[in-house]
């Protein structure tokens, strides 16, 4: 099975960084998991597709059509914000790009479950998170010894 | 995006039927979604892989390693039996093969969300479920007008 | 701790029966748990309050205000239909009154978790459910050896 | 309906503070909601009972017996860490006492849903959380304009 990396976050300003992270992950052979909606999520998926990768959307709602159009596979959870646990848990590593409280909940769950968490500078952070100053470094830190 | 079909159920006796259903779905170009564990779930995934298809596991626990070895993509939900909602909701159609109370919960959720549900004879059933007497017919009923 | 009984179901026609069940449960000292919204859920709560009892609402949404006005205590889950698992699991016994697919999902989960399930005639049913022909009998069956 | 306040956190060292917060909340007429297990959760419940209050446990597992013995009402969610969303959402306000990643996830969800969050010094915190230096101040901040 391919290594799965969850890219989490929000904020229109972070699209470029998220897209680059998605592309770099795909080039390293990783599957890119996100919450399946817009901004950072769609940008990471778009980047992954441009890098020839595979993408998984884990949606909060009950309709598959809510997924962004770069999602190859769509998991429709129907559990609202609680799907943040699934997004965090489904990554062998997690990379945060921008974001706010929802992102912080994902980071906290990821750490609680022992997943590696890397935050691009500007994302919420807490003890246990590794900080990166560029998309390339974020991917490097996330994948060391994984892919 | 490929059509996604969730194959649900349990019971060692149903492995052969589940495997055939997985293979037929893959040959029709569908992605096979299951709860990711053993028996019907692993058999459907194995069949899908033998048919050249793609498989998604939606696990109840917190560890990716719980997935059967035919799972291409693994969603780790951490929400126990509540992941049955995600399994049901993630299928454009749902096929039940054997199974008991957990399967019935998935059938009920799928119907609640307006998904088409086909049960191979022997699976739990309720009003609104279409019955099939063979794996081929189950796939035929599930995919009519979808794939 | 008081015995907790979950009353599940839907349908305006079932309000009278649900209210009587709620009242009888309260008179036997039980706390009445429901999904917290209208019809069967509000009727069971109203009955419980008229019998001097205590009520708990387990809501699918994110706002406490969604609860019916007979709810003493409100649990706001935010997980949509997956809260049906919590409603089923929180009863030492479960009584179904009317209802459709959502009710069937709750029945299935309750049986999966080993809870006793009683259905008033007219509710969805499956193997393992005990049938009652009156509210009084439903309460009797649900509470035998419990309260 | 009584005001509901969720007390979250963990760590044996925080039992005394949590118990005092539970007692003060009860004396102000509030219902004390927790995750229903030990340490901060049981201490807050014990304090609430000593103050004549009412307590609600929102458990992660599938068994009512997991609740601490000061829990009056028990909601059995079966959804693991995702129950943290329900604990956060069920409080009109949330008070954090000690704790680690699970607590941070609850704080993040509470803020995401617009709940007021107060952290006793020593708990995880983030932007939007109000800090208190004593149990009395934590209760004061949490309840201003609520109870």
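Can you find a residue in the range D:10-29 that is facing chain C (nearest Cβ under 9 Å), closer than 30 Å to residue A:78 by Cα and either in contact (Cβ under 8 Å) with a residue 12 or more places away in the chain or in a helix (DSSP H, G or I) (or both)? Show your work before the answer.
Here is the first cut: in the range D:10-29, the ones facing chain C (nearest Cβ under 9 Å) are none.
No, the range D:10-29 contains no residue that is facing chain C (nearest Cβ under 9 Å), closer than 30 Å to residue A:78 by Cα and either in contact (Cβ under 8 Å) with a residue 12 or more places away in the chain or in a helix (DSSP H, G or I) (or both).
Which one of C:15, C:22 is surrounded by fewer than 24 Cβ atoms within 10 Å (Cβ to Cβ) and at pLDDT 95 or above? Steps first, please.
Values: C:22 fails: surrounded by fewer than 24 Cβ atoms within 10 Å (Cβ to Cβ).
After applying the criteria, what remains is C:15.
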Residue count, the range D:112-128 (criterion: touching a strand residue (DSSP E or B) at 6+ places or on another chain (Cβ under 6 Å) and facing chain A (nearest Cβ under 8 Å)): 0
Single condition residue C:65 does not satisfy, out of (1) touching a residue at least 24 places away in the same chain (Cβ under 8 Å); (2) part of a helix (DSSP H, G or I): (1)
Residue satisfying condition, being in contact with a strand residue (DSSP E or B) (Cβ under 8 Å, 6 or more places away or on another chain) and part of a loop (DSSP other than H, G, I, E, B), within set C:48, C:2: C:2
Those residues of the range A:76-97 which are more than 9 Å from chain D (Cβ to nearest Cβ) and more than 26 Å from residue D:122 (Cα to Cα), in sequence order: A:76, A:77, A:78, A:87, A:90, A:91, A:92, A:93, A:94, A:95, A:97
Checklist (1) outside any loop (DSSP other than H, G, I, E, B); (2) under 16 Å from the mean Cα position of the chain (by Cα) applied to residue C:70, failing item: (1)
Residues that are more than 25 Å from residue A:60 (Cβ to Cβ), crowded, with 18+ Cβ neighbours inside 10 Å and touching a residue at least 40 places away in the same chain (Cβ under 8 Å), drawn from the range B:110-147: B:120, B:123, B:135, B:138, B:139, B:142, B:143
Close pairs (8 angstrom Cβ cut-off, 6 or more residues apart or separate chains): assigned to a strand (DSSP E or B) in the range A:91-109, modelled with pLDDT under 95 anywhere: A:93/A:146
Test result for residue B:103, within 25 Å of residue A:59 (Cβ to Cβ), buried (at least 24 other Cβ atoms within 10 Å of the Cβ), at pLDDT 95 or above and more than 14 Å from chain C (Cβ to nearest Cβ): no
Filtered residues of the range D:41-70 (kept if touching a helix residue (DSSP H, G or I) at 6+ places or on another chain (Cβ under 8 Å), at the interface with another protein chain (Cβ under 7 Å from one of its Cβ atoms) and surrounded by 23 or more Cβ atoms within 10 Å (Cβ to Cβ)): D:58
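The values are calculated or read from the model by the stated rules, or taken from the named source; none is laboratory data. Please read these numbers as outputs of a predicted model, since none were measured by experiment. For neighbour counting, all protein chains shown are included, and Cβ atoms are generated from backbone atoms with ideal geometry for every residue, glycine included.
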